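Heads up, the thing below is written out as structure tokens.
The values are calculated or read from the model by the stated rules, or taken from the named source; none is laboratory data. These numbers come from a predicted model, not from an experiment. Neighbour counts run over all protein chains shown; Cβ positions are idealised from the backbone, glycine included.
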Amino acid sequence: MNNQSNDGLQAVSQLTMLEDCTVTRQILDRVGDKWSMLIIVNLGAQSLRFKELQRRSSGISQRMLTQTLRHLERDGLVWRKATPTVPLTVEYGLTPLGESLLGPLTLLVEWVNGNRGEIAKARISYDSGRDETEVVTEVETEAPPAAEAIGAE
């Protein structure tokens, strides 16, 4: 192949990577927002009617719940079943794809619970307005155990 062909392939490859990153970011934005995570966790054990889901998702407005459910349904994470009764009964549940997200979400929650003390300390330190040089000096003077084990100075 000539150089022009190689340049063209590299450009296409880079464009594909950027598009993949955009799609990945969109998906992470969706599943990582507080309402989506809460809804997915609340639907993890069983399907729920709209009002029950709203009650369990403390603090969410009807509009935000509707919007979030639509997004999750569009992404294939949630199913919706409307029963033609008076009044209309609508039930939501997790699709197999949504159920596959419960494991990683559980790990994330466990990580947060295991590290919230350190995160709280970091926030207090940051919010207290400590000088950056003060923090850097402290970090430099404390050799981490891994560095000591390999003989780093």
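For (1) in contact with a helix residue (DSSP H, G or I) (Cβ under 9 Å, 6 or more places away or on another chain); (2) surrounded by 11 or more Cβ atoms within 10 Å (Cβ to Cβ); (3) more than 15 Å from Ile39 (Cβ to Cβ), each residue gets a yes or a no:
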{"site": "Gln67", "(1), (2), (3)": "yes, yes, no"}
{"site": "Gly98", "(1), (2), (3)": "yes, yes, no"}
{"site": "Gly114", "(1), (2), (3)": "no, no, yes"}
{"site": "Ser125", "(1), (2), (3)": "yes, yes, yes"}
{"site": "Ser128", "(1), (2), (3)": "no, no, yes"}
**OP:** Any chance you could count how many residues in the stretch 92-131 are in a helix (DSSP H, G or I) and either farther than 23 Å from Leu72 by Cβ or touching a Phe, Trp or Tyr at 6+ places or on another chain (Cβ under 6 Å) (or both)?
**Re:** 15
Subject >> Boolean, Thr106 is modelled with pLDDT of 95 or more, hydroxyl-bearing (Ser, Thr, Tyr) and closer than 25 Å to Gly32 by Cβ >> reply: no
**OP:** Mind listing whichever residues of the stretch 36-71 are within 20 Å of Leu107 (Cβ to Cβ) and either basic (Lys, Arg) or in a helix (DSSP H, G or I) (or both)?
**Re:** Ser36, Met37, Leu38, Ile39, Ile40, Val41, Asn42
Original post:
Do the conditions hold for Ser57, that is, is it at pLDDT below 95 and more than 23 Å from the chain's Cα centre (by Cα)?
Top reply: no
Subject >> Hits in the stretch 72-91 - residues which are touching a residue at least 24 places away in the same chain (Cβ under 8 Å) and assigned to a helix (DSSP H, G or I) >> reply: Leu72
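Yes/no matrix, rows are residues, columns are (1) of a type in the set (Val, Ile, Thr); (2) loosely packed, with under 13 Cβ neighbours inside 10 Å; (3) within 10 Å of the chain's Cα centre (by Cα); (4) within 25 Å of Thr83 (Cβ to Cβ):
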position	(1), (2), (3), (4)
Thr22	yes, yes, no, no
Leu28	no, yes, yes, no
Val31	yes, no, yes, no
Met37	no, no, yes, no
Gly44	no, no, no, yes
Arg49	no, no, no, yes
Leu53	no, no, no, yes
Subject >> Any hit, the stretch 128-148, residues being at pLDDT 90 or above, in contact with a strand residue (DSSP E or B) (Cβ under 7 Å, 6 or more places away or on another chain) and more than 27 Å from Leu28 (Cβ to Cβ) >> reply: no
Original post:
Can you name the residue in the stretch 72-89 that is surrounded by fewer than 16 Cβ atoms within 10 Å (Cβ to Cβ) and touching a helix residue (DSSP H, G or I) at 6+ places or on another chain (Cβ under 7 Å) and is also farthest from Asn42 (Cα to Cα) among such residues?
Top reply: Gly76
